[in-house]
Structure formats: structure tokens, C-alpha cells
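K.L.:
Quick one: this structure, given as C-alpha cells, is what I'll be asking you about.
Read-outs throughout are calculated quantities, based only on the coordinates presented, and are distinct from any laboratory measurement. Computed from a predicted model, the values in this text were never measured in an experiment. Cβ atoms come from the backbone with ideal geometry, glycine included; neighbour counts cover every protein chain shown.
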Amino acid sequence: MNTRTARAGFTLIELLAVLLILSILVGILVTSLGGAEDATQQSLTENFIAQIEVALSEYEIENGDYPRSSFGPGLDLAANEMNVGAEALVVAFFSGGWEAAGAVADDRLGNSDGDRSKKSLTDFGSRDLFEIMDSWDNPIAYFHHSEYGRPQWYTTFDTATGEPIETEVHARTTATTQRLRNPRSFQLISAGLDGRFGTEDDLGNWSE
């Protein structure tokens, strides 16, 4: 009787030990998969930025210049200074039946600041001032080279907490000489994994 009781207790300890080991392994697996998912999202955003680059190059060939990163005079827009560069890019891409607009699928459009114009500015007739979004559903900032000296304000969402963030975004410079990147073309900037512009995980259309 004592032998059976001791053996039953030993088996229970073994079971608890196995469960503990399994929980540790599951934790490691979840962490590993989370890291792999983050890397996939980053890769997708980098590839998407490269895709937008190609579309912008086609736009420049066809129109003689890249789209401006601000709205010109005479456009009757809502009084909202957020995400202007990204919104101006969408208007350029989706106006006048321009073919390269096909480079951006509908599910890549969002309106993080919720603003609307007083009239339709694009071929699909919506009054929403859309932005092109990265893999974390935050707007990709856009700067035309002639407007690098003009900072822009962007609304993004912290990917961990969902907290809305308003950030003044500047055209990027090199770390060594502080020269502006892509001085004759444009800059595309994603806030990256954390959803915050100006941190180390930001992504852009330049090589380090």
C-alpha cells in the first residue's frame, strides 16, 4: 500500500515536471514565431516601399517630376495638417486614370487621421483623404525633394498598445555627414514595427 502511494506521488511529480518543460518550450516557440512574424512584416514593408519607388519613377517619366508632398492652392480640403505628404501622394496616384495607381491595392489604403475633403479628389470618388499604409497599418510618410525642409505631422498607432501618436516627421539625413538622403528624388518612410517615427526600426527607400 505504501509502495503504491509513493509511486502515485512520484508519477504526479513527473507529470508536473513534464508540464513545466512543455510550458517553457511553448513560450520559446511563441517568442520565436513572434520574432519571425515581425521579420516578415518588415520584409513585406520594405518590398512594398520598393514597389512604390517603381511607381514613382514611372510617374516622373510620364509627368516630368515626382508628385509634390503638399496640396497646391485651390484644393478645397478639410482643415487638417496631418499626414499631408502621404495624402498628396494618394491623390496623385489615383487621379486622372494614371496607370501606375495599380501598384497600390485598395487594402493598402487607410485614413489614420479620419479627415475628409469637401470634394472628391480621386478617380474612385471618395472624399476620404487616404494614405498608403505599411504592414502595421500606419501611413508611409512621403517627401518630395523640393519640400525636404518642410516637416510634416503624422498620426500613427503604437503597435503594442494601440495608442494614437502624433509626430513631427522630418526628411532623413545620413548619420555621418548629415546630408539629405535622396537629394534629387523623394523619401518614403515607414514608422516600422513600433509604429513610432524617429526610432531605430524606421524603414525607408535608401541604403545604409
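K.L.:
Within the stretch 121-208, list the trypsin sites (Lys or Arg not before Pro) lying in a DSSP loop whose Cβ has at most 10 other Cβ atoms in a 10 Å radius.
P.N.:
When the trypsin sites (Lys or Arg not before Pro) of the stretch 121-208 are filtered for loop state and at most 10 Cβ neighbours within 10 Å, 179, 184 remain.
K.L.:
What ranking of 52, 132, 61 emerges when the number of other C-beta atoms within 10 Å of each C-beta is taken as an exposure proxy, fewest first?
P.N.:
Sorted ascending by nearby Cβ count, the order is 61, 52, 132.
K.L.:
May I ask you to evaluate 6.51 cos²θ - 1.76 cosθ + 1.60, the Karplus curve with θ = phi - 60°, for each residue of the stretch 188-205 and list the ³J(HN,Hα) values in order in whole Hz, giving x for glycine and proline?
P.N.:
3J(HN,Hα) across the stretch 188-205, in whole Hz: 10, 10, 9, 6, x, 4, 7, x, 10, 5, x, 10, 5, 8, 4, 10, x, 8.
K.L.:
If we count every other residue with Cβ under 15 angstrom of residue 64's Cβ, Lys/Arg +1 and Asp/Glu -1, where does the sum land?
P.N.:
My count for the surroundings of residue 64 gives -2.
K.L.:
Can I ask one more? Quick check on the exposure proxy: order 84, 54, 104 from fewest to most C-beta atoms within 10 angstrom.
P.N.:
54, 104, 84
K.L.:
Shape call for the stretch 158-207 from the C-alpha gyration tensor, a ≥ b ≥ c root eigenvalues: rounded (a/c under 1.5), prolate (a/b greater than b/c) or oblate?
P.N.:
prolate
K.L.:
Can you give the net charge of the other residues whose Cβ lies under 10 Å from the Cβ of residue 155, counting K and R as +1 and D and E as -1?
P.N.:
Computed value for this residue: -4.
K.L.:
Give me 69, 146, 135 sorted ascending by neighbouring Cβ count inside 10 Å, so fewest comes first.
P.N.:
The order, fewest Cβ neighbours first, is 146, 135, 69.
K.L.:
Which chymotrypsin sites (Phe, Trp or Tyr not before Pro) from the stretch 128-208 combine a DSSP loop assignment with at most 15 other Cβ atoms within 10 Å?
P.N.:
When the chymotrypsin sites (Phe, Trp or Tyr not before Pro) of the stretch 128-208 are filtered for loop state and at most 15 Cβ neighbours within 10 Å, 206 remain.
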